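Single-structure report; data block below.
The values are calculated or read from the model by the stated rules, or taken from the named source; none is laboratory data. These figures come from a predicted structure and were not determined experimentally. Cβ sites come from the backbone with ideal geometry, for glycine too, and all protein chains shown count toward neighbours.
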Amino acid sequence: MDLAQQTAERRPARRVRGTGARHEPRRADCPWCGSPRLRVRLRTGDLIQRKPGSFTLERCADCAHTFQNPRLGAEGLDFYRLGSDDRQDLGHRDFWRRDLCHGLGGAAALLARAGAGRSRHLSGVRALSRFDEPESWLDVGTGRARFPAAAKEVLPYTAFDGLDSDPGLAEGVRRGRVEEAHHGRLTELARHLAGRYDALSMVHYLQRRPDPRAELRAAATVLRPGGHLLIEAPDPESRSARLLGKWWASYRQPRHLHFVPLANLCRELDELGFTVVDVDRRAPHVPADLGTACALLLNRVLPEADVPWRSKPPSRARLGLRRAASWASAPLLALAYAADVLLAPLLTRTGFANAYRVIARKEPEA
Ligand SMILES: [Zn+2]
């Protein structure tokens with residue numbers, strides 16, 4: 001029995017669910033500055049999992065904030081979480097096994113996740129350690145705590161804690177990557193953790209949260225006076241975003257809700273009583289834009305994989321065609337990824353870097 005048959009047998013009845021109920025009402029104004037001058041930046045679907053639904057990113061003509069509008073609510077975000085159906089129906093490992101065998105969605109997701117790379121983590125920690133040698137550090141949105149695991153190499157005497165509502169945090173604890181785990185949302189736990197940390201990191205986290213400003217306020221609460229905040233996030237002003245459009249990995253619809261321009265973030269931090277001590281638009285670049293765009297494009301044009309949210313299973317012939325074409329495209333993906341890596345020094349000097357880093361100090365009088 002092949003993998004497709006096994007998963008089909010273990011899967012409950014197929015269902016295709018509409019996404020209208022998962023969206024909140026559309027906003028008529030910018031969530032950052034309140035301006036009503038909104039312009040559609042792009043419309044797209046779920047390019048990684050190819051779940052049903054369409055999503056719109058709008059850009060404020062006054063402050064350049066870009067956001068998903070209408071936005072997905074909590075139920076919608078859960079529906080589009082990677083492998084969410086499969087965690088219930090098949091088990092997480094089966095999702096990746098099947099998706100990687102049958103398609104390119106998994107490859108695109110993995111390339112897009114390359115932002116979690118160890119060398120980029122180390123670069124961020126080194127950047128912050130130039131200003132402070134924190135005794136206590138909280139990594140927010142830590143997942144399986146890969147960031148603290150890498151950070152310990154640079155700061156072996158710092159106590160790293162992790163905060164996340166993701167069940168993956170348990171693995172981070174089990175592997176000894178964090179000393180203390182806080183399960184939940186920063187905005188809900190901030191008062192409980194007030195003034196407790198010397199450093200706080202949000203690495204590719206703000207764009208996933210429904211209210212980035214509330215997260216920044218919570219970070220200010222949790223940091224002690226003089227403590228440092230490290231933020232890395234996609235740069236919506238990157239030339240790659242304009243060039244690649246919906247195939248730009250960092251758009252990652254529908255999971256990413258907000259794209260905060262660097263100037264807006266720095267202004268907000270200033271108003272919250274921070275002093276921005278370092279800004280970097282080159283080192284946090286994730287060299288995976290071309291590889292991911294190729295994988296997403298192929299994932300779009302090849303016959304669809306056998307996924308639970310399809311109304312009808314694809315024929316054996318179409319599945320075979322998809323599998324063969326996926327393997328045949330591997331050299332192309334490898335070439336695109338190699339170009340990403342080789343061109344990175346040039347791209348980051350010419351406005352094509354896809355992420356920025358900000359380090360800010362919470363002033364004692366804040
Ligand atoms: Zn605005």
Matching residues in region 264-276 - criterion: being surrounded by fewer than 19 Cβ atoms within 10 Å (Cβ to Cβ) and touching a helix residue (DSSP H, G or I) at 6+ places or on another chain (Cβ under 9 Å): GLU268, LEU272, GLY273, THR275, VAL276
Of residues in region 235-263 being of a type in the set (A, V, I, L, M, F, W, C) and outside any loop (DSSP other than H, G, I, E, B), the one surrounded by the most Cβ atoms within 10 Å (Cβ to Cβ): ALA249
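Quick check on region 287-304. Is at least one of its residues assigned to a helix (DSSP H, G or I) and modelled with pLDDT of 95 or more?
Our first condition is that a residue be assigned to a helix (DSSP H, G or I); within region 287-304, this holds for 289-301.
Filter once more, so that each one left must be modelled with pLDDT of 95 or more: none.
No, there is no match, as no residue in region 287-304 is assigned to a helix (DSSP H, G or I) and modelled with pLDDT of 95 or more.
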Filtered residue count, region 270-308, keeping only those that are over 18 Å from ILE359 (Cα atoms) and among the charged types (D, E, K, R): 4
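Is it the case that GLY162 is in contact with a strand residue (DSSP E or B) (Cβ under 9 Å, 6 or more places away or on another chain), at pLDDT below 95 and buried (at least 16 other Cβ atoms within 10 Å of the Cβ)?
Numbers: in contact with a strand residue (DSSP E or B) (Cβ under 9 Å, 6 or more places away or on another chain): yes; at pLDDT below 95: no; buried (at least 16 other Cβ atoms within 10 Å of the Cβ): yes.
No: the conditions fail for GLY162.
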Subset of region 133-153 [surrounded by fewer than 17 Cβ atoms within 10 Å (Cβ to Cβ) and either part of a helix (DSSP H, G or I) or of a type in the set (Gly, Ala, Ser) (or both)]: GLU153
Qualifying residue in region 330-341 (condition: within 26 Å of GLY124 (Cα to Cα), within 16 Å of the ligand (Cβ to nearest atom) and acidic (Asp, Glu)): no
Options ALA328, ALA334, ALA324, ALA317: the member that is under 24 Å from the mean Cα position of the chain (by Cα), exposed (fewer than 13 other Cβ atoms within 10 Å of the Cβ) and without any contact (Cβ under 8 Å) to a residue 60 or more places away in the chain: ALA334
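Among the listed residues HIS65, HIS121, HIS23, HIS92, which satisfies the condition of being modelled with pLDDT of 85 or more, over 30 Å from VAL154 (Cα atoms) and away from the ligand (no atom under 16 Å from the Cβ)? Break it down stepwise before answering.
Values: HIS65 fails: away from the ligand (no atom under 16 Å from the Cβ); HIS121 fails: over 30 Å from VAL154 (Cα atoms); HIS92 fails: modelled with pLDDT of 85 or more.
Just one listed residue meets the conditions, HIS23.
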Of residues in region 48-57 being buried (at least 22 other Cβ atoms within 10 Å of the Cβ) and closer than 18 Å to PHE259 by Cβ, the one farthest from the ligand (Cβ to nearest atom): ILE48
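Could you pull out the residue among ASP29, ASP2, ASP86 that is at pLDDT 80 or above and either acidic (Asp, Glu) or within 18 Å of VAL307 (Cβ to Cβ) (or both)? Steps first, answer last, please.
On the way: ASP2 fails: at pLDDT 80 or above; ASP86 fails: at pLDDT 80 or above.
Only one candidate passes the filter, namely ASP29.
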Region 61-78 - residue that is on the phi < 0 side of the Ramachandran plot and among the aliphatic types (A, V, I, L, M) and, of those, surrounded by the fewest Cβ atoms within 10 Å (Cβ to Cβ): ALA74
